[in-house]
Structures are given as structure tokens and as C-alpha cells.
Amino acid sequence: MHICVQCVTVALALIGLLAGQSAAADWANGQRIAERWCAGCHVVAPGQSRGSDTVPTFAEIGSSKRLDDAALTAFLTDPTHSRMPPLSLARSEIADLVAYIARQSR
């Protein structure tokens, strides 16, 4: 049996490309999640007029040097984060929310 190395390489590249597209975070869905679950305490969008003054805005969180995407994902994944009410978000929803927060720092 002869396997075409070039064909296998192309196939693997296509699979990787398709997997990367399906795994990409959806910041628009992150915005919907933020507006539903986070806007009661955080200012989640530039036009929002109310939020708690004791918590950072999403723009502040997104521009923080301490909270990169990995740190923010770890924080939101931890069910015992004491500073916020318990969230029950899927990993894909957390990725979407993180993508939205990162977008707010622009």
C-alpha cells in the first residue's frame, strides 16, 4: 500500500484549518452572555449607563496586563470564584465571553 505523503499533508492541513474555524470564539455570543449574566454588576458595553462602581468594567478587564485570555478563562472556569455569583457556563460560552471582553479593550 502506497500512501501519498503530499496528500496526507494537505489533508491534515485542511483538518487543522476546519478545526480552528469551528473552535474560534464567537464574540457576538459573548456579548449576549455578558448582557444577560454580567451587566447587573459590570459595565459590559460602552453605552451602558449603570453597573456597580465596586467592580471593573469589561474595558478595564480587557486591557488588564494581569488578566490575559488564559487567566480570565481559568478564573471563569473555576466554580469557586468568590467575588462573583456562581456561573454555569459551558467552555465554549466562556471562550465567547473572553473574546468579547478582549474586544472591549480596543
Exposure of residue 60 as accessible area (Å², to 10), given a probe of 1.4 Å and all protein chains
100
If you count only protein heavy atoms and use a 1.4 Å probe, how large is the accessible surface of residue 89, to the nearest 10 Å²?
40
Give me the Kirkwood hydrodynamic radius of region 48-96, using the inverse of the mean 1/r over all pairs of distinct Cα atoms, in Å to one decimal.
12.1
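The values are calculated or read from the model by the stated rules, or taken from the named source; none is laboratory data. Quick caveat: nothing in here was measured; it's all calculated off a predicted structure. Just the protein is used for accessible areas: all its heavy atoms, side chains included, with ligands, DNA and RNA removed. Shrake-Rupley method; radii C 1.70, N 1.55, O 1.52, S 1.80 Å.
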